[in-house]
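What follows is one structure encoded as structure tokens, with my remarks underneath.
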Amino acid sequence: MPAPLDGIRVLDLGLGPAAGMATMVFADFGAEVIKVEPPGGDAFRSLANAPLWLRGKKSVVIDLTTDDGRAEIGRIAAAADILVTTQLEAKAATLGHSYQALSSANTGLVYVRLTGFGPKGPYADYPGYEGIVAAKSGRMRMFGDIAARPGPGFEAVQAGMHAASQSAITGTLAALFERETSGRGQLVETSLLQAMQPYDLLALLRSQLARRMPEAFPGNPLDPALRVPTLNYHPLPTKDGRWLQMGNLLQHLFDNYLMAAGLEDAFGDERYAGPPALWALEDREAF
């Protein structure tokens, strides 16, 4: 049975897991993915999740600082359906793979750009690292209650990278679908900053509105029940010293977690009836 992306060729010039997860999905659904790495390899290969997003791809080392390397990219891109990069247009132009140059040579190319802060603005040239984007966007403020001191908390789970990869996938597939009619590719852009916004709508935006219009938000806008990490998202150490990040948002998932962790006695304690967000603050702390 043919896969949905059989016959689609992807040129992956991106570095790191955000672009890597997007092209991983393309490979999973039948696309031929050629991952181009600089001499020495993708610096993010040292991450624990690298084997996941590197799977199913062909890897080739090309030095984009050389004329031969740039010519090789042009040759591969001319026969590609999709190109994924993590470089801004100006930087990509110096390396010979800008959207303008490659799309003029291959009008059917869907060119996907995935950066930290997008193509414009004062932070456009900042590195596309999750921590930098989380700090600048205010997401780390949401985690301020991790430690008993004022200030932000470090967001260890790379939620922005995951969301950005899914946005890139959605935009790319839409561009491929449109190409069936027009015969032309197009530029698809997203960023880690853009990907952070869905996570922040219930906390960052709400707290800002509450400060401006306190009468519309009775009670404490930063109620501990709304703060993160909640018990459903609690990080826990394991016997081997590693940590697991839980994500048991739904009640049945949280109940199953309690049983798996040997904490089923909580079901008989009236303090812990119902969702953890409804427990008394002192009871959540004790738990």
Subject >> Residue-wise HN-Hα coupling along segment 17-30, computed from phi with Karplus coefficients 6.51, -1.76, 1.60 (Hz; x: Gly, Pro) >> reply: x, 5, 5, x, 5, 5, 6, 4, 5, 4, 5, 4, 9, x
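Any idea what diffusion coefficient segment 1-147 gets from Stokes-Einstein, in µm²/s, Kirkwood Rh on alpha carbon pairs, 37 °C, 0.692 mPa s?
201 µm²/s
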Original post:
What percentage of the solvent-accessible surface of the chain, computed with a 1.4 Å probe over protein heavy atoms, is contributed by carbon and sulfur atoms?
Top reply: 59 percent
Original post:
Normalised by the number of residues in segment 86-152, what is the relative contact order in percent for Cα pairs under 8 Å and 6+ residues apart?
Top reply: 21 percent
Original post:
Given that just one value was derived from the coordinates, which of (1) 18.2; (2) 12.5; (3) 20.0 is mean projected area of the Cα convex hull in nm²?
Top reply: (3)
**OP:** Would you please classify the overall shape of segment 232-274 from the alpha carbon gyration tensor, given that a ≥ b ≥ c denote the square roots of the eigenvalues, rounded means a/c under 1.5, and beyond that prolate means a/b larger than b/c while oblate covers the rest?
**Re:** prolate
Original post:
lysines within cross-link reach of Lys57: Cα-Cα under 27 Å, excluding same-chain residues under 8 positions apart?
Top reply: Lys35, Lys91
**OP:** Would you mind checking which residues have amide H under 5 Å from Val110's amide H? H placed 1.01 Å from N; only 5 or more apart, or other chain.
**Re:** Ile82, Leu83, Gln186
Subject >> Residue of Thr170, Thr86, Thr115 that the Gaussian network model of the chain assigns the largest fluctuation, springs spanning Cα pairs under 10 Å >> reply: Thr170
Original post:
For the chain, what's the relative contact order in percent, using C-alpha pairs closer than 8 Å and at least 6 residues apart?
Top reply: 14 percent
Original post:
Taking a probe of 1.4 Å, how large is the accessible area per residue of the chain, in Å²?
Top reply: 56 Å²
Subject >> Eligible aspartates and glutamates near Lys136 by straight Cα distance, threshold 14 Å, same-chain separation 8 or greater >> reply: Asp125, Glu155, Asp200
Original post:
With each label point set 7 Å from Cα along the Cα-Cβ vector, what nm distance links Glu282 and Phe29?
Top reply: 5.3 nm
Original post:
Going by a ≥ b ≥ c, the root eigenvalues of the Cα gyration tensor, does segment 65-108 fall in the rounded group (a/c under 1.5), the prolate group (a/b larger than b/c) or the oblate group?
Top reply: oblate
**OP:** Please identify, among Gly116, Gly40, Gly128, the residue showing maximal mean-square fluctuation in a Gaussian network model of the chain using a 10 angstrom Cα cutoff.
**Re:** Gly40
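The values are calculated or read from the model by the stated rules, or taken from the named source; none is laboratory data. Bear in mind that the values here come from a model prediction, so they are computed numbers and not experimental data. Every residue, glycine as well, gets a Cβ built from its backbone with ideal geometry; the counts of neighbours run over all protein chains shown. Heads up: the accessible areas ignore ligands, DNA and RNA and are worked out on the full protein's heavy atoms, side chains in. Shrake-Rupley method; radii C 1.70, N 1.55, O 1.52, S 1.80 Å.
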